[in-house]
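The block underneath contains the structure these notes are about, expressed in structure tokens.
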Amino acid sequence: MGLVSAKEMLEKAVAGGYAVGHFNINNLEWTKAILTTAQELQSPVILGVSEGAAKYMCGYTTVAAMVKAMIEELGITVPVALHLDHGTYEGAKKAIAAGFSSIQFDGGHYAIEENLEKTAEFVAICKEKGLSLEAEVGSIGGEEDGVIGAGELADPQQCKTIADLGITMLAAGIGNIHGKYPANWKGLNFEVLEGIHKACSGKPLVLHGGTGIPADMVKKAISLGVAKVNVNTECQLAFAAATREYIEAGKDQAGKGFDPRKLLAPGYQAIKDTVKEKMELFGSIGKA
Ligand SMILES: [Zn+2]
């Protein structure tokens, strides 16, 4: 199976009371670790690519070609969506042209009128091409690719207005932030989430900043309509810790331990373990 839109997998998730993991990719190892884990666990999966990561991996066409080829070469049969994470207006157009199957147009930092206008433009393009579209209301806190959000709480009425444009899924701030959570974090605001869930009448909701949100809060958010959970930092931390351990143990200096295929193996396995743990938590295993 080639790339698919995230629409069907997310609508199934809402109906089934689970969520699909969106895991950001950074290179070949990352992509292979996530795809093989999804296949082993028979879980649908969304590969997220930020604009910064796309640039790092030599552009959207390189990323799309790598992912499509890997799906074929590895015999991946579970549904896989290749999704632009926090796309700008220009970036979203480029990713669509390169063959991404899902787009986030992040207009959360525009005034609501401009956000609506630009989102509506992408609704038309994505409908025509059969792609899924994620919109954003309010900004998500923390820092991602140099964009710093204040972590505001989204207004349910604004969420309804943007959901009614015909988007596939909606990211709305409910106290979640990107990166590591500070010690004084107040937690997710379930009152706001419930309000958004009701106002948007079952539209799949997206939880950004999945790293470090306690498992019980994630489960509660899923019960309130969250169907896509974005995980990025957690895989990075797991990869870095496993690589550090390998080098600190001097394994890169023993035999051919310097071979990148050996050096990166523990980090690769750590990503797989993290993805598995998240898929268990989200309830997506066996839902392919
Ligand atoms: Zn995000």
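Read-outs throughout are calculated quantities, based only on the coordinates presented, and are distinct from any laboratory measurement. Keep in mind that this is a model prediction, so the values were computed, not measured. A quick note on method: Cβ atoms are made from the backbone with ideal geometry, for glycine too, and the neighbour counts reach across all protein chains shown.
Quick notes
- Amide H contacts of residue 133 (H built 1.01 Å from N, under 5 Å, at least 5 apart or other chain): 103, 168, 169
- Pairs with C-alpha atoms separated by more than 23 Å, drawn from the list 180/262; 32/93; 55/278; 55/256; 220/287, are 180/262; 32/93; 55/278; 55/256.
- Surrounding net charge for residue 213, when Lys and Arg each add one and Asp and Glu each subtract one, Cβ distance under 13 Å: +3
- Residue of 184, 27, 115 that the Gaussian network model of the chain assigns the largest fluctuation, springs spanning Cα pairs under 10 Å: 184
- Taking 38, 172, 98 in turn, the Gaussian network model of the chain (Cα-Cα springs below 10 Å) assigns the largest fluctuation to 98.
- Its Cα centre serving as origin, the range 162-256 has a Cβ charge dipole (Lys and Arg +1, Asp and Glu -1) of approximately 80 debye.
- For the pair residue 8 and residue 129, the difference between a 0.36 nm per residue extended length and the Cα-Cα distance amounts to 42.1 nm.
- In sequence order, calculated HN-Hα J values of the range 169-184 (Karplus, 6.51, -1.76, 1.60; Hz; x Gly/Pro): 8, 10, 9, 9, x, 10, x, 7, 9, 7, x, 6, 7, x, 4, 9
- If R0 is 35 Å, the Cβ-Cβ spacing of residue 248 and residue 97 corresponds to a FRET efficiency of close to 0.20.
- Label sites at residue 69 and residue 111, each approximated as a point 7 angstrom past Cα along Cα to Cβ, lie 4.7 nm apart.
- Taking Lys and Arg as +1 and Asp and Glu as -1, the other residues whose beta-carbon sits under 12 Å from that of residue 89 total -3.
- Helical mean residue ellipticity (222 nm; -39500 (n - 2.57) per DSSP H run of 4+; nearest 500) of the chain: -14500 deg cm²/dmol
- Among beta bridges that DSSP assigns inside the chain, antiparallel share in %, nearest 5: 10 percent
- Taken as Cα centroids, the range 22-97 and the range 151-227 sit 23 Å apart, rounded to the nearest whole angstrom.
- When the range 7-232 is described by a simple charge dipole with +1 on each Lys and Arg Cβ and -1 on each Asp and Glu Cβ, the residue from 71, 204, 181 located farthest towards its positive end is 71.
- Simple spin-label estimate for residue 259 and residue 194 in nanometres, 7 Å along Cα-Cβ: 5.7 nm
- The charge dipole of the chain, taken about its Cα centre with unit charges on the Cβ of Lys, Arg, Asp and Glu (plus for the first two, minus for the last two), comes to roughly 700 debye.
- Charge dipole (the range 7-232, unit charges on Cβ, about Cα centre) - positive-most of 133, 229, 159: 229
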